[in-house]
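Quick note: the coordinates plus some simple rules give every number you see, no bench work behind them. Worth saying up front: this structure is predicted, and the values here are computed from it rather than measured. Positions of Cβ are backbone-derived with ideal geometry, glycine not excepted, and every protein chain shown enters the neighbour counts.
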Amino acid sequence: MTDEQVFGALREVVDPEIGANIVDLGLVYNVDIRGNDVRIAMTMTTRACPLHEYISETARAAVRRCLPEAERVDVEIVWEPPWSPAMMSAEAKRQLGWSS
């Protein structure tokens with residue numbers, strides 16, 4: 001199991017309010033793999049996001065579905081550094097019509 005595989009699984013998780021995946025939105029800050037345990041540090045676009053539990057659980061489920069060898073998948077919501085649109089990938093910006 002690699003970071004790349006975990007990020008691939010997380011790309012299947014779409015923020016339902018924005019319509020782009022959480023990796024391209026820049027919400028996933030870190031993936032830490034130790035043996036068969038995965039820890040994901042991620043944020044939300046705002047502290048007031050009503051979907052943080054839904055997105056966290058969907059992220060856990062996506063990793064478990066794509067990487068059945070993952071025994072434990074923990075998602076930690078962090079607020080530092082604060083998210084900003086500058087963290088979005090070019091693909092997410094294009095998808096949202098923000099291309100320059």
Q | Spans of helices (runs of 4 or more DSSP H) in the chain with at least 3 residues in contact with a helix residue (DSSP H, G or I) (Cβ under 7 Å, 6 or more places away or on another chain) | A | 3-10, 52-66
Q: Please enumerate the residues belonging to the range 14-53 that are on the phi > 0 side of the Ramachandran plot and surrounded by 15 or more Cβ atoms within 10 Å (Cβ to Cβ).
A: G26
Q: Identify the residue in the range 54-72 that is surrounded by fewer than 17 Cβ atoms within 10 Å (Cβ to Cβ) and of a type outside the set (A, V, I, L, M, F, W, C) and, among all such residues, is farthest from V6 (Cα to Cα).
A: Y54
